[in-house]
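This report concerns only the one structure given below.
The values are calculated or read from the model by the stated rules, or taken from the named source; none is laboratory data. Bear in mind the structure is a predicted one, so any value in this text is a computation, not a measurement. Here the Cβ is made from the backbone with ideal geometry for all residues, glycine too, and neighbour counts use every protein chain on show. Protein only, heavy atoms only, side chains kept; ligands, DNA and RNA dropped before computing areas. Shrake-Rupley method; radii C 1.70, N 1.55, O 1.52, S 1.80 Å.
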Amino acid sequence: MKTKIYWFSGTGNSLAVAKTLAEKLPDVELIPIAAAVTNPPEAADRIGIVCPVYAFGPPAIVERFIRKLKAAPGTYIFAVFTCAASAGSSVHFLRGMLRKRGLDLSAAWIVKMPENYPPLGGTPGPKSQQKTHAAAEQKVAQILAQLQQGTPDVKERPSLFWRIAGRFIYPGFRWFELRGADRFFRADAKCNGCGLCAKVCPVENICMNEGAPEWLGRCEQCFACFHWCPQQAVQYGFSSRLRRYHHPAVSVSDFVLPK
C-alpha cells in the first residue's frame, strides 16, 4: 500500500511526527505541503496530512493544498494535528475542506507539542519541553501501531467546549491572516543579512531588500523566520525577549525547500 504523507510545519513539531511515521511505515513518501500546493503529486492508496493547529483549525495553506489534492473518492485519508493546548475544531474544518472535493477524513489524531506561537507568550523552558516531547513520542508510537495494523477509524476530538470555541475563533483568525498578519514582523539591528528567514519561509513571503528582510503580506503565521533566525534578529511585536524554539529531531535544512 503506497502512502503519501504531506506535512506543514514552522518549528518542526509536525515535521517530527511526519518523519517518524514515514520512517516506520512501509512504502511512504514524505512531501511538504508547501511544494505540493504548486506541484501536486499523483494519487496514493493512503494519504496522511500532518500539520499544526492555528487558532483551533488547520493552517490556510492546508485548504489550498486540498483544493489541488489528487485523490480518488474513497481514498483513506488520515490527519495528525499538533497543538499546545487544544485542537479545537480542526477535525470539523478539515473534514469540510475534504468534502468539498468529494473526499472524507477517515481518521484523525491529536499530538500535544510545546507552545511556540509568540503572540501567546512563546515557548516554555527546556524541562517542560522535554516532558512534552516524551509524551508526544509515546502518542506517535500509538498512532503508528494503529496505522501499521491497517486503516483505523479513529477520530480524536477535544471537549465540546473547545470544539464550539473553535467554530468562532478560527474564522476570525483567518480573517486576520488575510489582512496582513505579517505587518508586525521586523528585523532588528542584530540582522546580518544572511537571508535564512527568506529561505525557510514556506510560501516565499520574505524577500531580501538591501540586505534586510521584507515581508510581503501573505504570511501563514508559521513563524519559521522568527524561530530559525540564527541571530534572533526577527521580531514580532514585542517579542524580542521570547525563547526561540525548534523540535530537536529536525534541522533547518529540512525547511529550505528546493526552488
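The figures follow:
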{"item": "Residue-span extension gain [residue 127 to residue 231] - 0.36 nm each, minus C-alpha spacing", "result": "35.1 nm"}
{"item": "Accessible-area value, residue 191, 1.4 Å probe, nucleic acids and ligands omitted, Å²", "result": "50 Å²"}
{"item": "Stretchable slack from residue 175 to residue 72, in nm (0.36 nm times residue separation minus alpha-carbon distance)", "result": "34.0 nm"}
{"item": "Antiparallel %, DSSP beta bridges [both residues in region 1-72], to 5", "result": "10 percent"}
{"item": "Fully extended contour minus Cα-Cα distance, from residue 159 to residue 188, at 0.36 nm per residue", "result": "6.3 nm"}
{"item": "For region 59-65, 3J(HN,Hα) per residue [Karplus equation, 6.51 cos²θ - 1.76 cosθ + 1.60, θ = phi - 60°, Hz, x = Gly/Pro]", "result": "x, 4, 5, 5, 5, 5, 5"}
{"item": "Inter-centroid distance (Cα atoms) of region 1-66 relative to region 99-130, Å", "result": "14 Å"}
{"item": "For residue 48, distant residues with modelled amide H under 5 Å away", "result": "4, 5, 6, 78"}
{"item": "Debye log10 I(q)/I(0) for the chain, one point scatterer per Cα, at q = 0.14 Å⁻¹", "result": "-0.95"}
{"item": "Percent carbon-and-sulfur accessible area, the chain, ignoring ligands, DNA and RNA, probe 1.4 Å", "result": "54 percent"}
{"item": "Residue-averaged 222 nm ellipticity for the chain, from DSSP H runs of 4+ at -39500 (n - 2.57), nearest 500", "result": "-10000 deg cm²/dmol"}
{"item": "Other-chain or far-sequence residues with amide H under 5 Å of residue 108's (modelled H)", "result": "79, 154, 155, 156"}
{"item": "³J(HN,Hα) computed for each position of region 74-91 - Karplus, 6.51 cos²θ - 1.76 cosθ + 1.60, integer Hz, glycine/proline x", "result": "x, 4, 6, 10, 10, 9, 10, 9, 9, 7, 8, 10, 9, 7, x, 9, 4, 4"}
{"item": "Relative intensity, log₁₀ I(q)/I(0), of region 145-204 from a Debye sum that treats every alpha carbon as a point, q = 0.12, 0.16, 0.23, 0.30 Å⁻¹", "result": "-0.68, -0.84, -0.98, -1.20"}
{"item": "Isolated Cys in the chain, by beta carbon distance under 4.7 Å", "result": "51, 83, 191, 194, 201, 207, 219, 222, 229"}
{"item": "Too-long pairs where the Cα-Cα distance tops 25 Å, listed order kept, from 2/131; 112/155; 19/155", "result": "2/131"}
{"item": "For the chain, accessible area per residue (1.4 Å probe, heavy atoms of protein chains only), Å²", "result": "47 Å²"}
{"item": "Among 91, 37, 258 - extreme Cα towards positive end, dipole of the chain, charges at beta-carbon", "result": "91"}
{"item": "Pairwise FRET efficiency - residue 256 versus residue 146, Cβ, R0 = 30 Å, nearest 0.05", "result": "0.40"}
{"item": "Two-site label geometry, residue 101 and residue 134: point separation in nm, points 7 Å out along Cα→Cβ", "result": "3.9 nm"}
{"item": "Most fluctuating residue given options 202, 230, 58, as computed from a GNM of the chain linking Cα atoms under 10 Å", "result": "230"}
